[in-house]
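The values are calculated or read from the model by the stated rules, or taken from the named source; none is laboratory data. None of the values given here were measured: they were computed from a predicted structure. Positions of Cβ are backbone-derived with ideal geometry, glycine not excepted, and every protein chain shown enters the neighbour counts.
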Amino acid sequence: MTDAQLMMRVDDDDYDEFRDPLKALCEGFPGAYWRALEDKPADQRYPAEFVDTLMESGFLGALIPEEFDGAGLSLRIAAVILETIHSTSCNAGAAIGQMYLSDILVRHGSDAQKQKYLPGIAAGEVRFLASAISEIETGSDHAQMATTAEKRGDVFVVNGSKEWANCTLHSDLLLLLARTSPGTPDNPTDGLTAFLVDMKTALKGGLSSQAIDAMNNDGATNLVFDGLELPLDAVIGEVGKGYDYYRDLTQIECILYAACASGDSAFFSERAVNYAKERVVFGRPIAYNQGIQFPISKAYIEVQGAKLIGNKAAAVYDSGQLPGPLASMAKHMACEAAWLMADACFTTHGGFAFAREYDIERKWRDARVMQMTPQGTATLLTDIAVNDLGMPSSF
Amino acid sequence: MSEQTVGFALGEDYSEYRREVAKVCEDYPPSYWEYLENQPPSGSYPTKFVEALTKTGFLSALIPAKYGGLGLPVRGGAAILETIHASGCTAGPCHAQMYTMGTILRHGSDAQKDKYLPKIAKGELRLQAFGVTEPTTGSDTTQLKTRADKVDGGYMLNGQKVWISRAGHSDLMLLLARTTPADQVEKRAHGVSTFLVDMRVAKENGMVITPIDAMINHNTTEIFFDDVFIPEDSLVGQEGRGFRYILDGMNAERCLVSSETIGNGRYFLRESIKFANENKRFGRQMSATQSVQFSIAQAYAQLETADLMVRKTAAMFDAGLKCGAEANMSKILSGEAVWACAQVALSVFGESGMAKSSSIQRKWRESRTARNSPISPNMVLNFVGQHVLGLPRSY
């Protein structure tokens with residue numbers, strides 16, 4: 001139950017002081033920039049210049065507390081930043097990790113880890129963009145993951161593989177979940193430990209990363225751990241409790257991805273409205289046709305609703321509580337609404353939606369993928385059903 | 001007041017009122033409503049329920065204290081109506097007593113306010129009927145054909161209204177009628193006036209009310225005016241400006257009926273989750289089946305989203321901000337959400353939900369109606385397309 005005293009503002013086009021400079025920044029990376037990247041081989045598509053620019057801008061350090069040289073801003077503002085990026089031709093996928101993965105260090109890291117890494121991450125000098133959780137054999141059934149980290153003397157030795165780990169080739173740090181002891185019947189995710197992996201060292205021996213050629217450009221890779229040795233101080237928090245930390249992290253993740261989806265919706269909405277007013281068929285702009293206008297209006301309404309639930313989740317987080325299934329709800333509703341708007345925009349553009357130069361098809365692919373990652377529809381609905389509505393797990 | 005300073009509560013608001021309302025509703029179980037549905041339309045009014053509510057003073061929630069009401073903002077009324085519906089009861093037969101007076105309050109003369117509001121607040125006078133819709137013009141409200149022709153000492157009414165709920169159980173009616181022919185006004189909405197008609201007198205002067213037997217028990221009627229004289233002081237505000245007066249009342253109405261819809265959604269979800277958790281099929285709880293569980297979680301996410309839009313609308317209305325878009329969006333979002341809840345409830349309950357003794361089928365019928373009334377969803381999409389997105393008028 002949400003705190004009865006918690007309030008939310010009725011306007012949601014707030015924080016222009018963040019939106020305006022970010023829009024200007026993103027204008028430097030128009031559709032042509034992103035299309036050119038997609039023409040390249042899978043391992044050369046990373047939007048390095050865009051990410052460099054974002055790192056230098058300081059926006060990605062929004063959530064890191066001021067005591068570690070971050071901006072110490074609210075999650076609401078972090079969401080505004082991502083929403084703005086996605087409302088343009090840009091996609092924050094290659095940089096979004098920098099904004100929230102370090103939260104696991106803020107909450108659970110040792111003082112030494114915090115001092116060593118957080119100021120660099122806040123400044124954009126140390127890149128923490130990657131996490132390795134899912135595995136090919138077990139997918140979302142994380143409790144069954146097969147990657148192990150075995151303690152031998154003063155090191156943990158990691159063996160196994162991870163799939164769909166984004167940005168591993170462009171990150172200094174990687175958040176890894178690996179099994180250090182068997183789970184218990186009551187808590188099968190017990191015994192999973194969170195590690196902070198120094199990628200430069202790891203890629204020299206014990207870890208290999210292979211780019212995946214995929215329909216969207218998120219820098220996805222498959223990882224193989226072959227006897228990678230990690231120092232004992234690579235452990236984040238307590239050994240065996242990593243999954244709980246990861247679950248907390250996914251709540252922030254969901255709220256931030258919901259913001260990305262809302263930004264995509266704004267992109268599609270603007271494009272659809274403009275094109276519908278300009279395009280003349282049968283002697284008048286197609287916007288006069290309810291077959292064109294109604295799907296845009298309907299999707300717009302869904303988007304406005306989704307933004308409210310996203311803002312609510314952020315407001316709960318910013319009041320000092322973890323929002324739990326509310327975060328799942330925010331991501332689910334935002335991604336559903338974005339997909340509806342993407343499709344309305346696609347239909348409005350007709351054949352031109354397929355033409356790459358319009359960027360509709362690229363953003364449309366991104367919107368579809370975002371429904372499934374990083375937390376997919378079934379995972380989100382299950383979280384809501386089990387942890388909010390009191391139904392049993394269906395699997 | 002600017003949007004930046006207006007906020008709304010995210011948790012359970014008006015808890016004390018909610019508790020009191022729920023207590024009153026306990027005395028009116030599903031069998032009470034089933035009994036009423038089995039009566040002919042003329043005898044199906046929930047007189048006892050309405051009397052009990054009137055005694056609590058909740059129906060005068062929105063009337064200022066100086067006229068004897070509770071003086072609550074629209075959000076307070078919304079919380080009351082939501083609770084009535086979440087309890088399994090329906091406020092449809094009496095909710096208009098709460099908000100129809102708003103037009104008098106905002107646009108009536110001091111004499112009208114002093115004469116009517118205290119008695120409406122006490123429940124001595126029933127202002128439950130809102131005469132707008134006509135059989136040949138439907139949503140094309142400004143083209144209505146009922147005439148109010150100026151005569152000595154007043155106006156002469158001629159014409160017909162349809163789908164006027166509760167007219168047989170109301171002493172007063174707010175009526176929209178044309179005072180200047182449509183071809184003699186500059187704007188479509190001009191030349192239409194609002195009247196407060198004393199139906200007790202009008203019935204003696206040629207006004208005939210005929211009940212309509214309908215799918216849901218809203219005590220709705222057709223009304224025929226054949227040279228019905230009403231005195232001059234029946235006019236509300238300025239002659240010819242009546243359309244504008246009812247528009248802002250409509251925003252309050254949309255907000256309030258949307259909150260009833262939210263209440264129905266909560267009823268469906270509570271009953272569905274209970275039933276699905278308690279009943280086993282194929283050797284396990286029904287709620288462990290994804291088709292059941294995911295549908296419930298999806299409907300719940302939609303309902304929570306719609307609830308925020310309703311809260312936002314109320315906050316804006318109460319602060320005197322323009323809220324036409326939000327009121328309309330509330331209607332669509334709550335209508336879609338409750339329908340998702342209603343459909344899953346009927347599926348979960350199966351045949352047992354279809355029995356006349358079950359409130360599931362009754363509320364399912366109510367919910368379908370709520371998606372069409374009091375405004376067509378197509379008119380909402382038109383509004384958003386035209387006035388929010390800047391698309392051309394399509395009709």
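Numbers for the structure displayed
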{"quantity": "Any hit, region B:63-71, residues being at pLDDT 95 or above and under 18 Å from the mean Cα position of the chain (by Cα)", "calculated": "yes"}
{"quantity": "Complete set of residues in region A:123-149 that are of a type in the set (D, E, K, R) and either more than 22 Å from residue A:224 (Cβ to Cβ) or in contact with a His (Cβ under 9 Å, 6 or more places away or on another chain) (or both)", "calculated": "A:125, A:127, A:135"}
{"quantity": "Any chance residue A:8 is among the hydrophobic types (A, V, I, L, M, F, W, C), within 14 Å of chain B (Cβ to nearest Cβ) and within 29 Å of residue A:247 (Cα to Cα)", "calculated": "yes"}
{"quantity": "Residue among A:120, A:160, A:153, A:205 that alone is in the same structural domain as residue A:67 (by TED's automatic domain parsing), of a type outside the set (Val, Ile, Thr) and out of contact with any His (no Cβ under 7 Å at 6 or more places or on another chain)", "calculated": "A:120"}
{"quantity": "Filter result for the condition that a residue is among the aliphatic types (A, V, I, L, M), assigned to a loop (DSSP other than H, G, I, E, B), within 20 Å of the chain's Cα centre (by Cα) and buried (at least 16 other Cβ atoms within 10 Å of the Cβ), over B:223, B:216", "calculated": "B:216"}
{"quantity": "Helices (runs of 4 or more DSSP H) within region B:292-395 that include 1 or more residues under 20 Å from residue A:296 (Cβ atoms) and out of contact with any Asp or Glu (no Cβ under 8 Å at 6 or more places or on another chain)", "calculated": "B:324-349, B:377-383"}
{"quantity": "Among residues of region B:349-395, those that are closer than 19 Å to residue B:36 by Cβ, of a type in the set (Val, Ile, Thr) and modelled with pLDDT of 95 or more, counted", "calculated": "1"}
{"quantity": "Within region B:306-329, considering residues that are small (Gly, Ala, Ser) and at negative phi, the one surrounded by the fewest Cβ atoms within 10 Å (Cβ to Cβ)", "calculated": "B:319"}
{"quantity": "Residue B:388 vs. criteria of a type in the set (A, V, I, L, M), within 16 Å of the chain's Cα centre (by Cα) and either more than 25 Å from residue B:93 (Cα to Cα) or within 14 Å of another protein chain (Cβ to nearest Cβ) (or both)", "calculated": "no"}
{"quantity": "Residue match in region A:184-195 (condition: touching a residue at least 60 places away in the same chain (Cβ under 8 Å) and closer than 25 Å to residue A:372 by Cβ)", "calculated": "yes"}
{"quantity": "Tally, over region A:318-335, of residues that are surrounded by 23 or more Cβ atoms within 10 Å (Cβ to Cβ) and part of a helix (DSSP H, G or I)", "calculated": "11"}
{"quantity": "Members of region B:1-37 that are among the polar types (S, T, N, Q) and surrounded by fewer than 11 Cβ atoms within 10 Å (Cβ to Cβ)", "calculated": "B:2, B:4, B:5, B:31"}
{"quantity": "Candidate set from region A:11-56 (those that are aromatic (Phe, Trp, Tyr) and within 20 Å of residue A:312 (Cα to Cα)); member that is nearest to the other protein chains (Cβ to nearest Cβ)", "calculated": "A:15"}
{"quantity": "Near pairs, Cβ below 7 angstrom, 6+ apart or cross-chain, from region A:365-383 (more than 14 Å from every other protein chain (Cβ to nearest Cβ) and of a type outside the set (A, V, I, L, M)) to any residue that is surrounded by fewer than 17 Cβ atoms within 10 Å (Cβ to Cβ) and in a loop (DSSP other than H, G, I, E, B)", "calculated": "A:365/A:215"}
{"quantity": "All helices (runs of 4 or more DSSP H) inside region A:68-123 with 3 or more residues being buried (at least 22 other Cβ atoms within 10 Å of the Cβ) and not acidic (Asp, Glu)", "calculated": "A:75-86, A:97-100, A:111-123"}
